[in-house]
Amino acid sequence: MVKSDIAGTDKRAVQQRGSQPWIYDMDAHIIDTDEDIRPFLDERYRKRTGSLLALDEWHRGLIRRPRAPQDLTERLRVLDEEGVICSVLFPSRAMDVNTMRDKAFVAAYCRAYNSFIADVCRKASALKAMAVLPFDNVSAAVEELTRSVTKLGLVGVVISSYGLQEHIGSVKYWPIYQEMQRLNVHLGIHNSIQGGPIGDLRADTFMFQHTVGRPAATMTDCAALIYGGVVEKFPRLRVSFLEARVAWVPYWMEYMDRKWEKRRSDAALLTRKPSEYMTGGNFFYSAEPDEKALPYVLERIGEELIIFASDYPHGGSAFTGDLLGRSDVSDRAKTKILRENGIRLLGEEIDKAEYENDLRSAL
Amino acid sequence: MAVIDSDVHLIQRADDSDIRALMGKPYSNDSYPVFPGTGWDASACGESGAGEWDTQAQLTAMDRQGVDLSIVMPTQALLVSQIPEAGLPTGFPRQIRDKNLAAAYCRAYNDHVANICAGSPRLKAVGIASFQDVPAAIAEVRRAVEELGLVGIVVSSLGLTEHLGSPTFWPIYDELEKLNRPLIVHNLAHQVPVWQRYPDSFLFQETVGGSMETLHAFTGLMYGGIPEKFSALRIAFFDIGTGWIPYMLERMDKDFASHGAEQAPLLKRSPCAYVKLGNWYYSTHGDEGTLAYVLDCIGDSSVVFGSSYPDDSAFPMAVSSLQARGDIAEESKRKILSDNAQRLFGLQ
């Protein structure tokens, strides 16, 4: 939730760079509704009845309804107040598109969502967006990826692995990664609240599914990309792991290394330890601004790999105040998390002079 | 100080003939496998895990490692939770849906491991119970502890149709609490079915299988209210290290703050607060880089040393390398190597 004392903290945020917005928020959400998507759908699908997307059974009640997606004025006011110069928009619902089996419709839905979100981004320069792709329909996915980036200006691809026919490191999906590398856009691993196959049958509350689903799915995706050799094969592909916090990273580095030491032949493409891929510069991880483990994780993996993600306007979203106010994270690290690392994840050039200026103003 | 290795594995025969011989009729003569096949080869094509249990060899290995007392865990007997409950739809063949099979297997396994422990005072073991058949499980928990002298019950949760915190299993916990013996959660890496879908190598399966399932069990036990309902019950989470604990606790506390009142109504305090009460334990191999940080977060009274021998890449240096660490206080090492395990298993 946006903090009620935000007026106090945002001043600090803005003060760090004079009065200019400077923060890169690598994961905010649009609240995408069927009404938003329908006008962009191919003619033959517009009259579909019922919900366009498959729904899960959970009653969420998490999304703050008053801030509707169309209320761009309110969104831009918040960005301005928070000093955000770049806000990368993810869907709220469309990332679940790959749980559906109707191959042609999944592709059509992705095209419609991407056209819709590109339309939103045209209204303000701070807004960037991630594309959704019909992952299991690989040729259509590659085609839509190319269109989304070259024609629509989208800056990456979001995937929630739940529902995919194979793990996300599978050779099946490599043509998508190859095209992403060519187009210099990043992959955002953002598992939906459905979260993953674990506990599908046994979780008996939404809270249970939420607590364990996303960590399990995200850590599995990380192992899939590494063991599958994706990072080895596509050394310039950048990947962000979102909304799963960062405290799992040191644990998982060590755990995978331990398993891999015994069974290297099972991951024949690897030329380095799993942990080295996790810290090699391809992977970025989003921290919660108030995450207790942040200083420890910074110590273990360095300052270059952690990004800021507000999750705005979803429940639990926190803006920069919590991070800027921390005394256990250095100003240099804060600057990297709030800005520089996001710029690198986007594949943009960091202006040298500007970079020095950032550091000077932060330190 | 008596060094205790809380997690060594019994080498079981791949064909289960060692256990089957003790199962009684009709099972002892049955040629059908006790467990459904998982389709994974954990032996790396026969390279590891093969051989027969040999108590003398085990004691020699303990001498080399510097271990005084070992707690023996099952190996494939952990798969007992995979035996489907009679009456539930399943893809498995009819033979293994016999409603008495799981209970009969547990009794035979417990007899087998108790026989082994009778061979040396340096070996203690935990037993297994058929969680899919609760009345039988309660009777076997009592027998295993009171008659066989086993020091706890271990469960692998995958295969069960409910999470471990479900009230279905409460009578088992009630019995364990009364007997003052712990519940050990020790998942087997290559269990089906939840994670069967994505992994396409045993490395991948082994990485996500045991670890993610244990996070699930941890969450289920917590949100199910077990630390409140059975406040004296000791529970331990084995063989996935400790680096995940601060991560999961912070995530749980945050989710609990938003939804706990309605979705975990039995809990009267935050998950982290329950963990700090000290009745939940975790095993470490001793060489985790994250260990010092974890001790900072949760204290040093709930971590026990468990090598996972013979699946132990650090052997025979696991104990000495933990003792040589400069980032962990000597007092903490003593607790991890001895005191905490004595308390967990009620050996004092």
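The values are calculated or read from the model by the stated rules, or taken from the named source; none is laboratory data. A quick note: this is a predicted structure, and the numbers were derived from the prediction, not measured. Methodologically, a virtual Cβ is constructed for each residue, glycine included, from the backbone with ideal geometry; neighbour enumeration extends over all protein chains shown. Ligands, DNA and RNA are stripped out before the accessible areas are found, and what is left, the full protein with its side chains, is counted by its heavy atoms. Shrake-Rupley method; radii C 1.70, N 1.55, O 1.52, S 1.80 Å.
Here are a few things to note about the model shown:
- Residues satisfying the criterion are present in segment A:253-273 (criterion: within 21 Å of the chain's Cα centre (by Cα), facing another protein chain (nearest Cβ under 9 Å), closer than 30 Å to A:Asp311 by Cβ and open to solvent by 10 Å² or more (accessible area, probe 1.4 Å)).
- B:Asp18 vs. criteria more than 20 Å from B:Gln205 (Cβ to Cβ), modelled with pLDDT of 75 or more, in a helix (DSSP H, G or I) and open to solvent by less than 40 Å² (accessible area, probe 1.4 Å): yes
- Inside segment A:202-235, residues that are open to solvent by less than 10 Å² (accessible area, probe 1.4 Å), polar (S, T, N, Q) and within 7 Å of another protein chain (Cβ to nearest Cβ) make up a count of 2.
- Restricted to segment B:100-114, and to residues there that are small (Gly, Ala, Ser) and touching an Asp or Glu at 6+ places or on another chain (Cβ under 8 Å), the residue that is surrounded by the fewest Cβ atoms within 10 Å (Cβ to Cβ) is B:Ala103.
- Taken over segment B:227-242, residues that are closer than 20 Å to A:Glu254 by Cα and open to solvent by 10 Å² or more (accessible area, probe 1.4 Å) amount to 1.
- For segment B:262-271, the criterion of being more than 24 Å from A:Ala217 (Cα to Cα), open to solvent by less than 10 Å² (accessible area, probe 1.4 Å) and more than 10 Å from every other protein chain (Cβ to nearest Cβ) is met by none of the residues.
- Cβ-Cβ under 7 Å pairs, at least 6 apart or on other chains, segment A:320-346 side under 15 Å from A:Tyr296 (Cα atoms), far side open to solvent by 20 Å² or more (accessible area, probe 1.4 Å) and outside any helix (DSSP H, G or I): A:Ala333/A:Glu303
- A single member of A:Glu179, A:Glu243, A:Glu144 is on the phi > 0 side of the Ramachandran plot and more than 9 Å from every other protein chain (Cβ to nearest Cβ), and it is A:Glu243.
- B:Gly224 being touching a Gly at 6+ places or on another chain (Cβ under 8 Å), buried (at least 21 other Cβ atoms within 10 Å of the Cβ) and within 11 Å of another protein chain (Cβ to nearest Cβ): yes
- Considering A:Glu303, A:Glu299, the condition of being away from chain B (no Cβ under 12 Å), at negative phi, free of Cβ contacts under 8 Å to residues at least 40 places away in the same chain and among the acidic types (Asp, Glu) is satisfied by A:Glu303 alone.
- Residues that are open to solvent by less than 40 Å² (accessible area, probe 1.4 Å) and out of contact with any His (no Cβ under 6 Å at 6 or more places or on another chain), drawn from segment B:61-75: B:Ala61, B:Met62, B:Gln65, B:Gly66, B:Val67, B:Leu69, B:Ser70, B:Ile71, B:Val72, B:Pro74
- Taking segment A:287-343 as the range and being in contact with a Pro (Cβ under 6 Å, 6 or more places away or on another chain), open to solvent by 20 Å² or more (accessible area, probe 1.4 Å) and modelled with pLDDT of 95 or more as the test, the residues that pass are A:Arg300, A:Asp328.
- Selected residue (criterion: nearest to the other protein chains (Cβ to nearest Cβ)) from residues of segment B:272-293 that are of a type in the set (A, V, I, L, M, F, W, C) and buried (at least 22 other Cβ atoms within 10 Å of the Cβ): B:Leu291
- Residues that are closer than 26 Å to B:Asp296 by Cα and of a type in the set (Val, Ile, Thr) number at least 1 in the following helices (runs of 4 or more DSSP H) confined to segment A:218-332: A:248-262, A:294-301.
- The criterion of being in contact (Cβ under 8 Å) with a residue 12 or more places away in the chain, closer than 30 Å to B:Ser166 by Cβ and more than 9 Å from chain B (Cβ to nearest Cβ) does not hold for A:Asn184.
- Of the helices (runs of 4 or more DSSP H) lying entirely inside segment B:301-348, those containing at least 2 residues that are hydroxyl-bearing (Ser, Thr, Tyr) are B:318-323.
- Qualifying residue in segment B:246-256 (condition: open to solvent by 20 Å² or more (accessible area, probe 1.4 Å) and in a loop (DSSP other than H, G, I, E, B)): no
- Only residues that are within 28 Å of A:His210 (Cα to Cα), surrounded by fewer than 17 Cβ atoms within 10 Å (Cβ to Cβ) and at pLDDT 85 or above were counted in segment A:51-73, giving 1.
- Residue check for B:Ile240: facing another protein chain (nearest Cβ under 9 Å) and among the β-branched types (Val, Ile, Thr): yes
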